[in-house]
Amino acid sequence: MSRYSSEKEWQEILGAEFGRNKVIDARINETYAKLRKTERREEKHKKRVRRRVLIGAGSMAAAFLLMVMFCTMNPVLAREIPIFGNIFGKLAEVFSFGALPEEDTIVFPVQDEERLSGTSKDGELENQNVYQVKDGSLTVTLTEEYASNQAVYIGVRMEKDEGFPEIMAYEDGRTELQFMTSETYSFREDTLENNMRTVEGKFEDSHTFIGIMRIDYSDINADYSKYEQYCAENGSAALPALTEENLHEFMDYYEIPDTFGMGLKITQIIGYLEEPTRPEGMKSDEELAQMSDEDWESYMKSLPPEWDQFPNDYEHWHQEGSWDYEVTIMQKDEGSQRIEVNEINGQGIGVESIELSSVEMTVNIVGADIFAVVLDADGNWMESANDGAYVLPIEGHDISQITIYICDYTEYMNEIKGYAVSGEAEGKSFQEVLEERAVFKTSVTQDF
C-alpha cells in the first residue's frame, strides 16, 4: 500500500498535466481507464502460484465436506446458509485482480425475502437486513468482503425493478460502474466525502448487475488536517502544492488496523451508455481534431452547459439515492506480508518495501521524477491496475523472483514505454532496454 501518489504518478494515470479543468480531467481519467481495460492479459488465468492453488483446493474440499454433513443433518437450517463466494467466484474471469481467495472471504448474512422486513415496536415496518437497501426502484446489496494488507474488496449486487438501460460493456463482457460515496472509518473521526469508487463486474440480466468494489488503504489513511489548517490560516493565495519534498510537513497517516468499522453511504451510481448521444448539431470527432486550440475552446463554450458535466444525460446513465451500510472489515489473508527492501542509490532513488497478499503487490519506491517497472520471474511485465501505478495484480505471474527497474520519468514516458507496448523494437526486448537505461535496478527473491 503506497502512502501517496506523486504528481508524476497522477499524470501517468490521468494522461494529462495538472491545472486543467476538473471536468476535462475527469473525462480523461474515465477514457483512459476504458482504454487500459481493453488490453487484457491473454495468459491471465494460465498460471497460479502453487501455494494458493493447494491451500484453496484443500480448504474448499474441507468446507464442502462440512457443508454436506451439516445440510444432511440440518435441512431446515441449511436453507439459511448463503452461497459461499457467490459474486467473487462469478467475476474471477473479468475482474482486474482475478480470483479472490475464497478461504479468506467473509460472506454477509443476507436474509430471505420473507424475513427481509419486520415490525418495530411502534408498528412500522423496518428493514432488518443491514446489507441490503432499496431506494426507489434500485436495490443494492453488499454480499461479501475480502480484506488484504493493502485493500478491501466488497461484492455488490444491484437489482433494478424496471431494468437497466444498455450500459457499455467490454469485449470480455465486463462493465464498470462508478459509485459516488461518503465514507466513515472507526480509526478516524472525519468523514471522507465525494469519493468516486469503481465497481468492476457484469450484468447477469437486464435487471441485475454484480460487481466488486476495491478500496485501497492509501485512499483512506491520509490525514489532511494540517494542510487544511494551513490553508485556513494563510488563505488560498498562499496555497502550497503538495510535493514529495514537503508532504511530511502537511500530512499525517493513520495506521490501518486489522479490524475496523466502515460506514459506506452510496449517493449516486453512474454508468456509461452503450449508445451515447451528443448535443444537437455537434461537430464530428474529425472536425474537432482539425480545429485550432482557440477555435476548439470557443466552440466548446458554445455547447450546452450539461455537456461539460459529469455525469450528463448524453453519455451516462445515473441514479441518485441513498444506500447506507455499516460494515466490519477484517483482514484475514494469512499470505499477507511486508518485505523490507531498503535499497537506495546515491541519488536517493530506490525501493523502500514491497507489500504482498494472495491477490496483489504494492511496490513502495522513493525518489522524485521517476517511474518504476516490475518484471516477474519469467521477465513478463507486471501491469498496474486502475488503482495506482504500483498496485500490481499477481494472478498469472511467477513472483518467486521479481526485478524492479526505476527510470527517469520523462525518458520512460517519451521513449522507453513504447517498448512495453510493442514488446520489442530495433531487435531489443523491453527488458533489454530497461537494463540499459534504468537508473536503478534490484531483484527480490522470496518464498512467496
Review point. Taking the condition open to solvent by less than 10 Å² (accessible area, probe 1.4 Å) and modelled with pLDDT of 95 or more, does V391 pass?
Key: no
Exercise for review: Kindly establish whether A385 is open to solvent by less than 40 Å² (accessible area, probe 1.4 Å), in contact with a helix residue (DSSP H, G or I) (Cβ under 8 Å, 6 or more places away or on another chain) and either among the acidic types (D, E) or closer than 27 Å to L91 by Cβ (or both).
Suggested key: no
Review point. When you scan segment 319-342, how many residues do you find that are outside any strand (DSSP E or B), open to solvent by 80 Å² or more (accessible area, probe 1.4 Å) and of a type in the set (D, E)?
Key: 1
Point to revise | Which numbered condition E176 fails, given (1) crowded, with 19+ Cβ neighbours inside 10 Å; (2) touching an Asp or Glu at 6+ places or on another chain (Cβ under 9 Å); (3) in a loop (DSSP other than H, G, I, E, B) | key: (3)
Check your understanding: Given the structure, is V94 touching a strand residue (DSSP E or B) at 6+ places or on another chain (Cβ under 7 Å), modelled with pLDDT under 95 and open to solvent by 60 Å² or more (accessible area, probe 1.4 Å)?
Key -> no
Point to revise | Long-range neighbours under 6 Å by Cβ, at least six apart or interchain, first residue loosely packed, with under 13 Cβ neighbours inside 10 Å within segment 421-432, second at pLDDT 75 or above and part of a helix (DSSP H, G or I) | key: A425/Y419
Check your understanding: Quick one: in segment 343-396, which of the residues that are in contact with a Leu (Cβ under 9 Å, 6 or more places away or on another chain) and part of a loop (DSSP other than H, G, I, E, B) is nearest to E176 (Cα to Cα)?
Key -> A385
Exercise for review: Identify the single condition in (1) among the aromatic types (F, W, Y); (2) more than 30 Å from V327 (Cα to Cα); (3) at pLDDT 90 or above that Y230 does not satisfy, given that it satisfies every other one.
Suggested key: (3)
Review point. Hey, among G118, G155, which residue is at pLDDT below 95, open to solvent by less than 30 Å² (accessible area, probe 1.4 Å) and outside any loop (DSSP other than H, G, I, E, B)?
Key: G118
Check your understanding: Is segment 272-281 home to any residue that is surrounded by 12 or more Cβ atoms within 10 Å (Cβ to Cβ) and under 20 Å from the mean Cα position of the chain (by Cα)?
Key -> yes
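The values are calculated or read from the model by the stated rules, or taken from the named source; none is laboratory data. Predicted, not measured: the structure shown is a model, and the values here were computed from it. Here Cβ is always computed from backbone atoms with ideal geometry, including for glycine, and neighbour counts include all displayed protein chains. Side chains are part of the model used for accessible areas, which takes the heavy atoms of the whole protein and leaves out ligands, DNA and RNA. Shrake-Rupley method; radii C 1.70, N 1.55, O 1.52, S 1.80 Å.
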